[in-house]
Amino acid sequence: MFDGVARRYDLTNTVISAGQDRYWRWMTRRAIAPRPGEQVLDLAAGTGVSTVELGKSGAWCVAADFSQGMLAAGRHRNVPMVAGDAMALPFADNSFDAVTISFGLRNIADIDLALREMLRVTKPGGRLVICEFSTPVIPVFKTIYMEYLMKALPRVARAVSSNPDAYVYLAESIRAWPNQRQLGRRVTQAGWSGAQWRNLSGGVVALHRGYKLGS
């Protein structure tokens, strides 16, 4: 499915989010706070546009994704890319200062296993940042948003996406996704410490953070 949307994926995301995708990437980089010399894993990185944003910090950032079609669509970007399964990451224990995943956790068959794998490859003292769709916190806005999600989003996708049917799945997966508190609990259960979240765009998106104990 993601191979099928790869060609116009970045454009479609910008259109359906009304340009908010750039803001969400910027806020994710701020939450990670990568520093020069650090090593950062950008998981479910797609075409690598988020990896480029992270690389502005001077850190060494690698894009990893299960979809080779997505990675191929981003081959023109000057970032290292690795094809890999989030449930069995092709990296050694304690490899990264930070691990991040944006809008990809929903698409993993076993998200709890993936959260544990992210913990495994993170260095002691390292950090996790998840940027993911969530539950709007203002009731009236939530109603409007859900109407857009289930009705308007697939129509917009038909106009710009190379595989519009995939965006029907997108809308349904967002509607079924755990809310902020539920996801925060799963982050903690996977072994991450200090789990907390911050709402963006009224809770349409939430940034979840945690860190790996140790020194």
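Criterion first (open to solvent by 10 Å² or more (accessible area, probe 1.4 Å), under 16 Å from the mean Cα position of the chain (by Cα) and under 23 Å from Val204 (Cα atoms)) does Ala114 satisfy it? It would help to see each step written out before you state the result.
Numbers: open to solvent by 10 Å² or more (accessible area, probe 1.4 Å): no; under 16 Å from the mean Cα position of the chain (by Cα): yes; under 23 Å from Val204 (Cα atoms): yes.
The answer is no for Ala114.
List pairs: first in the stretch 18-35 and of a type in the set (A, V, I, L, M, F, W, C), second part of a helix (DSSP H, G or I), Cβ under 7 Å, 6+ apart or cross-chain?
Taking only residues 6 or more apart or on different chains, the pairs are Trp26/Glu53; Ile32/Leu54.
Do you know which residues across the stretch 53-77 are open to solvent by 20 Å² or more (accessible area, probe 1.4 Å), closer than 19 Å to Arg22 by Cβ and part of a helix (DSSP H, G or I)?
Glu53, Gly55, Ala73
For residues in the stretch 36-52 being in a helix (DSSP H, G or I) and without any contact (Cβ under 8 Å) to a residue 40 or more places away in the chain, which is most open to solvent (accessible area, probe 1.4 Å)?
Val52
Output the residue which, of all residues in the stretch 147-198 that are at pLDDT below 95, touching a Leu at 6+ places or on another chain (Cβ under 8 Å) and surrounded by fewer than 16 Cβ atoms within 10 Å (Cβ to Cβ), is farthest from Arg127 (Cα to Cα).
Among residues in the stretch 147-198 that are at pLDDT below 95, touching a Leu at 6+ places or on another chain (Cβ under 8 Å) and surrounded by fewer than 16 Cβ atoms within 10 Å (Cβ to Cβ), the one farthest from Arg127 (Cα to Cα) is Val160.
Matching residues to (1) closer than 20 Å to Ser173 by Cβ; (2) touching a strand residue (DSSP E or B) at 6+ places or on another chain (Cβ under 6 Å); (3) touching a residue at least 12 places away in the same chain (Cβ under 8 Å):
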| site | (1), (2), (3) |
| --- | --- |
| Ala83 | no, no, yes |
| Leu113 | yes, no, yes |
| Arg116 | no, no, yes |
| Thr122 | no, yes, yes |
| Tyr145 | yes, no, yes |
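Among the residues of the stretch 78-102, write down those that are assigned to a loop (DSSP other than H, G, I, E, B), open to solvent by less than 50 Å² (accessible area, probe 1.4 Å) and touching a helix residue (DSSP H, G or I) at 6+ places or on another chain (Cβ under 8 Å).
The answer is Val79, Ala86, Leu89, Phe91, Ser95.
Only one of (1) over 17 Å from Leu170 (Cβ atoms); (2) modelled with pLDDT under 90 fails for Ala18. Which number is that?
(1)
The values are calculated or read from the model by the stated rules, or taken from the named source; none is laboratory data. The model shown is predicted, which means the values in this text are computed figures rather than measured ones. Using ideal geometry, Cβ is built from the backbone for each residue, glycine included, and neighbour counts are taken over all protein chains shown. All accessible areas refer to the heavy atoms of the entire protein, side chains included, with ligands and DNA or RNA removed. Shrake-Rupley method; radii C 1.70, N 1.55, O 1.52, S 1.80 Å.
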